[in-house]
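Data block below; observations after.
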Amino acid sequence: MGLKLQGILLNENLRERQSEIFEQLGIQEYKLIKQHTYSDYWDGFQERNKLVLSFYKNATIINCDNHFLSSEIVKKQLSKGRRAAGFFEYDVISAFSFDVFENGKPIRRMYSDSAANYYKLHEGEPLDFEKGLQSGEERFMKMAEAFLSCTLDNSILHDGAESFEYTFTYTYPNLFQRLLGNNAYHSYWKRTF
C-alpha cells in the first residue's frame, strides 16, 4: 500500500480559531465528530465532507480531500497574513508535492512523481529549506520540517498534535464547473486528481 497523505499546512496555530479555517474554506455548516491525536489521521486521504484539523506548536495541519488541496482560491485565502503549503505524498508512486503560498500569492511549487512517466515541475525560486537538496522526497520532508519542526511521519508529532475530526456540508463544484468555472486549479493538480 504505502503512505498516502494530503492536506494543507499553516505556519500559525489556529486551535482557538477553528471557525476561521472553515470560513476561509467556504464551509458554513460543520460538526465535530471526534477529538484525538494526529496518530489516527496521518496516513490516508480524507473523503469528501470530512476534514481533520490538527494543531502542533506554531502550526496547523488541515487533512482534507483533493478539492480543497488543489484549489488555488482556498490556498490563497488560507495564506493571507501567513504562509500555507498544500502537500501531497503517495509513497507507492514516489509522489511528493507542495505548493507554498504567502500573503495570498503562490511563491513556490515543487511536484515530483514516478507514476507512469517521471514527472517533475518547479515554479518559483527554491526556498531556504530546499538549499542543496536534489530529490523531491528530501525537499518534501524539509518543507514539513519548516512548518512543524519535524516530519509528518514523526511519532512526536503523532502523539503531540491535538486533532479534531469534522463532518461538514459543502457544495462541491461539478465537472462542468471545475473545467469552465471560476475554480482555479494548477495543471499539476488537474493531472493528479
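Please go through segment 122-172 and give me each residue that is part of a loop (DSSP other than H, G, I, E, B) and either aromatic (Phe, Trp, Tyr) or without any contact (Cβ under 8 Å) to a residue 12 or more places away in the chain (or both), ordered by number.
Pass one, segment 122-172, residues part of a loop (DSSP other than H, G, I, E, B): 124-127, 131-135, 149-154, 161, 170-172.
Listed by number, the residues that qualify are Lys131, Gly132, Leu133, Gln134, Cys150, Thr151, Asn154, Tyr170, Thr171, Tyr172.
Mind listing just one residue for me: the one in segment 49-75 that is among the basic types (Lys, Arg) and under 17 Å from Gln24 (Cα atoms) and, of those, surrounded by the fewest Cβ atoms within 10 Å (Cβ to Cβ)?
My answer is Lys50.
Lys31 fails exactly one of the following numbered conditions: (1) closer than 22 Å to Phe164 by Cβ; (2) surrounded by 13 or more Cβ atoms within 10 Å (Cβ to Cβ); (3) of a type in the set (Lys, Arg). What is the number of that condition?
Against the list (1) closer than 22 Å to Phe164 by Cβ; (2) surrounded by 13 or more Cβ atoms within 10 Å (Cβ to Cβ); (3) of a type in the set (Lys, Arg), Lys31 comes up short only on (2).
How many residues does segment 116-160 hold that are within 28 Å of Leu53 (Cβ to Cβ) and either of a type in the set (Phe, Trp, Tyr) or touching a Cys at 6+ places or on another chain (Cβ under 8 Å) (or both)?
The total comes to 6.
Give the number of residues within segment 76-101 that are open to solvent by 10 Å² or more (accessible area, probe 1.4 Å), in contact with a Gly (Cβ under 8 Å, 6 or more places away or on another chain), touching a residue at least 60 places away in the same chain (Cβ under 8 Å) and outside any helix (DSSP H, G or I).
Summing the residues that are open to solvent by 10 Å² or more (accessible area, probe 1.4 Å), in contact with a Gly (Cβ under 8 Å, 6 or more places away or on another chain), touching a residue at least 60 places away in the same chain (Cβ under 8 Å) and outside any helix (DSSP H, G or I) in segment 76-101 gives 1.
Scanning segment 36-75 for residues that are part of a helix (DSSP H, G or I) and in contact with an Asp or Glu (Cβ under 7 Å, 6 or more places away or on another chain), which turns out modelled with the highest pLDDT?
At the first step, the residues of segment 36-75 found to be part of a helix (DSSP H, G or I) are 38-40, 66-70, 72-75.
Cutting the leftovers down to in contact with an Asp or Glu (Cβ under 7 Å, 6 or more places away or on another chain) gives us 39, 75.
Values: Ser39: 91, Lys75: 95.
This residue is Lys75.
The values are calculated or read from the model by the stated rules, or taken from the named source; none is laboratory data. What you are looking at is a predicted structure, and each value in this text was computed from that prediction instead of being measured. For neighbour counting, all protein chains shown are included, and Cβ atoms are generated from backbone atoms with ideal geometry for every residue, glycine included. Ligands, DNA and RNA are excluded from the accessible area calculation, which covers all protein heavy atoms including side chains. Shrake-Rupley method; radii C 1.70, N 1.55, O 1.52, S 1.80 Å.
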